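Below: the structure, in structure tokens.
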Amino acid sequence: MAAPNQRSPIYVIRPDKVTLKDDFFYGEATSAEQTVTLQLKPTPQMRRMVAAGLPFLVKINQFKAELITEATNIGEFNLREFYKRKRIKYALTLTKYLIAKKQVTLSDRIIQFRARLRQWLSQLPENLRFFSGELFLGENLGTGEHNLVDDFRNIGIIHLLSLSGMHVLLYTQVVTFLFNLCKINQRVKYASLVLLLLVVCIIGDFQAGLVRASLAYVVSILAKLSKKRIGTLDQFGIVALIHQLLMPQLFLNVGAQLSYLMVLGLKIMPRMGSVGQSARLNMLITPILLFNFF
């Protein structure tokens, strides 16, 4: 990936992909050629743009480009490796730039809805903010929830977070119940559920666990409509293949590794008590956790 040049490149900034606090602005920006991280001192105009929730343009006139910092200590979080998985290599520090509005598209409106939902959820009490962010957006909102995540890890149920797409079952069951109550045609019901899952994935920014669970439901629907019996492991494999075709770098993501490994473990392990199952599942993901989080 070539380094950004000084020929006034134009980048698109999504408000839901940035952090804006006091005089600090940090986030991701995408041009026609690449995605980078930006760091700058925000102007009042930029604050208004972020608050509006719509993607906007930044024309860079002067900047400093550096490779994203690599971990220097054993066991330290490797920021360069994290962004490499997202195809981001450079960090830009802006000194001169111009902000401009972008022509609004349907996808921009969806992004605006997601950004405003993120802003609204960020105002909730700490624990509720954590669970709501994970449930609807697939992200950890704020900075006060790390202790809560540690609590989940310490009591041995970190796999509940790695699965993350389990609430898809709740969505589909509720909608199915309502449609059956109204005696809606089966094909209309399934089409509506697929559309609902697409919207949920968009709002959740296509988090791996969420997409996996949605694809699994769609594959099961197609098997039911075609009246073909497909084994659970075969369905699991089909979902993994489709997901990787859509996202070639899927399994470079730790969340995707945990999500698929945990589901596979649940499918191949014999039925047992909750304590025994939890112990075996934790043993299954321990190598990944140790490798990535030391």
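Of the residues R109, R129, R87, R114, the single one that is under 30 Å from N292 (Cβ atoms), open to solvent by 90 Å² or more (accessible area, probe 1.4 Å) and out of contact with any His (no Cβ under 7 Å at 6 or more places or on another chain) is R87. Summed over the range 164-193, residues that are open to solvent by 20 Å² or more (accessible area, probe 1.4 Å), within 18 Å of L222 (Cα to Cα), of a type in the set (S, T, N, Q) and not in a loop (DSSP other than H, G, I, E, B) total 4. Taking the range 172-199 as the range and being within 24 Å of the chain's Cα centre (by Cα) and farther than 24 Å from L210 by Cβ as the test, no residue passes.
Only one residue in L284, L241, L196, L210 is open to solvent by 90 Å² or more (accessible area, probe 1.4 Å) and either in a helix (DSSP H, G or I) or in contact with a strand residue (DSSP E or B) (Cβ under 9 Å, 6 or more places away or on another chain) (or both). Which one? Steps first, answer last, please.
On the way: L284 fails: open to solvent by 90 Å² or more (accessible area, probe 1.4 Å); L196 fails: open to solvent by 90 Å² or more (accessible area, probe 1.4 Å); L210 fails: open to solvent by 90 Å² or more (accessible area, probe 1.4 Å).
Result of the check over L284, L241, L196, L210: L241.
Select, from G231, G265, the only residue that is surrounded by 14 or more Cβ atoms within 10 Å (Cβ to Cβ) and farther than 29 Å from D108 by Cβ. Explain how you work it out, then say what you get.
Numbers: G231 fails: surrounded by 14 or more Cβ atoms within 10 Å (Cβ to Cβ).
Of the residues listed, the single one that is surrounded by 14 or more Cβ atoms within 10 Å (Cβ to Cβ) and farther than 29 Å from D108 by Cβ is G265.
Against the definition (in a strand (DSSP E or B), open to solvent by 70 Å² or more (accessible area, probe 1.4 Å) and either touching a strand residue (DSSP E or B) at 6+ places or on another chain (Cβ under 6 Å) or farther than 24 Å from I202 by Cβ (or both)), how does L98 come out, yes or no?
Working: in a strand (DSSP E or B): yes; open to solvent by 70 Å² or more (accessible area, probe 1.4 Å): yes; either touching a strand residue (DSSP E or B) at 6+ places or on another chain (Cβ under 6 Å) or farther than 24 Å from I202 by Cβ (or both): yes.
Criteria met by L98.
Which of (1) over 23 Å from L137 (Cβ atoms); (2) at pLDDT below 85; (3) of a type outside the set (S, T, Y); (4) open to solvent by less than 40 Å² (accessible area, probe 1.4 Å) does I68 not meet, given it meets every other one? Tallying (1) over 23 Å from L137 (Cβ atoms); (2) at pLDDT below 85; (3) of a type outside the set (S, T, Y); (4) open to solvent by less than 40 Å² (accessible area, probe 1.4 Å), I68 fails exactly one: (2). Taking every residue in the range 10-23 that is farther than 16 Å from A52 by Cα and at pLDDT 85 or above and pairing it with any residue that is assigned to a strand (DSSP E or B) and open to solvent by 10 Å² or more (accessible area, probe 1.4 Å), at least 6 positions away or on another chain, the pairs with Cβ-Cβ distances below 8 Å are I10/L57; I10/K59; Y11/T30; Y11/L57. Here the range 128-142 is the region considered, the condition is being under 21 Å from Q112 (Cβ atoms) and part of a helix (DSSP H, G or I), and the residue that is modelled with the lowest pLDDT is L135. Just to be sure I understand, how many residues within the range 244-262 are open to solvent by 60 Å² or more (accessible area, probe 1.4 Å), out of contact with any Leu (no Cβ under 9 Å at 6 or more places or on another chain) and either of a type in the set (A, V, I, L, M, F, W, C) or closer than 16 Å to L281 by Cβ (or both)? Looking only at that region, the number is 4. Scan the range 247-266 for residues that are more than 14 Å from A216 (Cβ to Cβ), part of a helix (DSSP H, G or I) and over 13 Å from the mean Cα position of the chain (by Cα) and report the count. Residues meeting the conditions: 6. The sole residue among S220, S226 that is open to solvent by less than 50 Å² (accessible area, probe 1.4 Å), within 28 Å of V199 (Cβ to Cβ) and of a type in the set (S, T, Y) is S220.
The values are calculated or read from the model by the stated rules, or taken from the named source; none is laboratory data. Keep in mind that what you see is a predicted model, and the values were worked out from it rather than measured. We place every Cβ from the backbone using ideal geometry, glycine too, and count neighbours over all the protein chains shown. Side chains included, ligands, DNA and RNA excluded: accessible areas come from the protein's heavy atoms. Shrake-Rupley method; radii C 1.70, N 1.55, O 1.52, S 1.80 Å.
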